[in-house]
1. Expressed as an acute angle from 0 to 90° and rounded to the nearest 10, what is the orientation of the C-alpha long axis of helix 19-30 relative to the principal long axis of the chain?
2. Work through the residues other than Lys33 whose Cβ is under 13 Å from its Cβ and net out their charges, Lys, Arg +1 and Asp, Glu -1.
3. What is the calculated FRET efficiency for Asp130 to Lys70, with r their C-beta to C-beta distance and R₀ = 41 Å, to the nearest 0.05?
4. Starting from the Cα gyration tensor of the stretch 1-64, take the square roots of the eigenvalues, sort them a ≥ b ≥ c, and report rounded, prolate or oblate (rounded when a/c is under 1.5, otherwise prolate if a/b is larger than b/c, else oblate).
5. Let me check I have the definition right: for the chain, take the eigenvalues of the Cα gyration tensor, multiply each by 5, take square roots. What are those semi-axes in whole Å, largest first?
6. Compute the helix-to-body angle for 98-110: its Cα long axis versus the longest principal axis of the chain, expressed 0 to 90° and rounded to tens.
7. Under 14 Å from a label point 7 Å along Cα→Cβ of His107: give me every residue in the stretch 18-52 with its amide N that close.
8. Note the count of lysine pairs whose C-alpha atoms are less than 27 angstrom apart in the chain, limited to pairs 8 or more residues apart or on different chains.
Amino acid sequence: MTHARVSRLQHFAMEVSDTDRSIEFYRQVLGFKLTERHAAYESAEIPVELTFMRVGEQHHDLVLVHNPIKTYHQKPMPQDDGSGAPSFHHFAMECDSRADWLAVLAHVQKLNIPIVRGPVVHSFTDPLGDGTWGENEAFYFLDPDGHRIEIFCDMAAIDADGVYRNAKGERLEGVQVDEV
């Protein structure tokens, strides 16, 4: 049976407690640009503030959502403490090259933003790897609301026959995905 399927994840929308603070963070730290900003009920069916931000030419890659009648915590929430309703764990942004990845890492460090994990080599085949999956390099930090952000480069690809191909294009024989 053939299934309809999507081709890629295009944008991420997340709730923030302070839109201005979040706009400044994503501009300063990751180079996002503001596309447009809309007040709650500007469209009768949308009761929240929406801010569209982009890293490239598409209208938006990130949507900041703020509910003006909601009371937000005044400090970042702890990650992985086991409390509260399910939420997303992190979202990730890819760099085109390891050099770009290292430049973003240096920029985040220069801004004194704490790295909560990494830099790490996610790999179960690379001798420098941490035994995890994806065959890429990554680091993680939190935005002002405690959303975990991953910056990575060199993600593995999967061949049509389900075999991993690392960033150098080398097939990792014996490594198979669950679904082709």
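1. 30
2. -1
3. Efficiency computed from Cβ-Cβ geometry: 0.65.
4. Since a/c reaches 1.5 but b/c is at least a/b, the shape of the stretch 1-64 is classed as oblate.
5. With the √(5λ) rule applied to the chain, the semi-axes are 32, 21, 17 Å.
6. 40
7. Output list for this probe position: 24-34.
8. 4
A short reminder: the numbers here are calculations on the coordinates, not readings from a lab. Worth saying up front: this structure is predicted, and the values here are computed from it rather than measured. Counting neighbours? That spans all protein chains shown, and the Cβs are built from the backbone with ideal geometry, glycine included.
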